[in-house]
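What follows draws every value from the coordinates through simple rules; no lab data is involved. What you see is a predicted model; the values in this text were computed from it and never measured. Cβ placement follows ideal geometry from the backbone for every residue including glycine, while neighbour counts extend to all protein chains displayed.
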Number of protein chains: 2
Amino acid sequence: MYLAKVYITLKPTVNDPQGLTIKGALHTLGFTSVQDVRAGKYIELKINETETAKAEREVNEMCRKLLANPVIENFRFELQPAQSD
Amino acid sequence: MYLAKVYITLKPTVNDPQGLTIKGALHTLGFTSVQDVRAGKYIELKINETETAKAEREVNEMCRKLLANPVIENFRFELQPAQSD
């Protein structure tokens with residue numbers, strides 16, 4: 001059993017309206033030191049596999065096929081052994 | 001200048017319909033080894049501060065006041081020095 005932590009971010013050249021809105025709200029609240037905000041997604045997956053290499057291949061494919069949009073997003077992930085529950 | 005990486009996750013006891021939907025979609029695509037999915041947010045902030053302690057305090061307050069909903073969400077963040085651009 002593995003726990004995969006997947007981080008999905010917009011590519012640097014892609015416009016990020018959500019990030020801009022958050023930045024505006026933070027400025028309104030008085031956090032004027034905030035210079036840039038980029039919003040992304042964080043997904044935790046529990047994978048029932050015994051081999052690290054296979055789990056890694058699977059998570060990579062999940063990201064490419066469903067979790068991230070490779071046209072506008074980058075993704076990276078970490079795998080760590082997890083206890084089944 | 002600091003780069004803050006903020007991870008926001010739903011508390012373990014909170015129902016996560018988005019995660020369930022992703023899990024269902026992954027199963028449909030043939031990734032049947034996926035046992036659990038939790039969806040969260042990942043936010044990168046550039047903070048124009050010179051002191052680590054002050055930047056840390058600010059990011060913590062931003063999370064509590066705007067970025068996370070402390071009733072149903074947990075947050076954690078990492079700070080690292082960043083180049084201004």
Taking Cα atoms, the helix B:52-62 axis meets the longest principal axis of chain B at an angle in degrees (rounded to 10) of 50
How far is helix A:17-28 tilted off the main Cα axis of chain A, in degrees rounded to 10, range 0 to 90?
50
In the protein assembly as shown, what is the volume of the convex hull around the alpha carbon atoms, normalised per residue and reported in Å³?
129
Would you give the gap between the C-alpha center of the range A:37-72 and the C-alpha center of the range B:1-47, rounded to a whole Å?
10
Expected integer from the mean partner chain Cβ neighbour count at 10 Å over A:74-82 is 0
Helix-only CD estimate at 222 nm, as mean residue ellipticity for the protein assembly as shown, using -39500 (n - 2.57) per DSSP H run (n ≥ 4):
-8500 deg cm²/dmol
Using the 7 Å Cα-to-Cβ label point, sort the distances from residue B:71 to its equivalents in the other copies shortest first and give them in nm to one decimal.
3.8
Whose Cβ in chain B comes nearest the axis that rotates B onto A, and by how many Å?
B:42, 2
Using a 10 Å cut-off around each Cβ of peptide A:25-34, what is the average number of partner chain Cβ atoms that fall inside?
5
Would you mind putting B:29-42, B:4-17 in packing order, based on average other-beta-carbon counts within 10 Å, highest first?
B:29-42, B:4-17
16 Å Cα cut-off, lysine pairs counted over chain A (separation 8 or more, or different chains)
6
Full extension between residue B:15 and residue B:80 adds, at 0.36 nm per residue less the Cα distance, a length in nm of 20.2 nm
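Using a 10 Å cut-off on Cβ to Cβ distances, tally the other chain neighbours for every residue of A:43-51 and report the average as a whole number. Intermediate values should be presented prior to the final figure.
Working: counts 10, 10, 12, 7, 6, 5, 3, 1, 0.
Neighbouring Cβ atoms belonging to other protein chains average 6 per residue here.
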Here the correct list, in nm and shortest first, of distances from residue B:48 to the same site in the other copies, label points 7 Å along Cα→Cβ, is 5.2
Excluding residue B:31 itself, calculate the net charge of residues whose Cβ lies under 10 Å from the Cβ of residue B:31, where each Lys or Arg counts +1 and each Asp or Glu counts -1.
0
Can you pull the one-decimal nm distance between simple spin-label points at residue A:51 and residue A:65, each 7 Å off the Cα toward Cβ?
1.7
Across 5 Å bins from 0, what is the distribution of all Cα-Cα pair distances for the range B:2-81, in whole percents?
3, 14, 21, 16, 13, 11, 10, 7, 3, 1
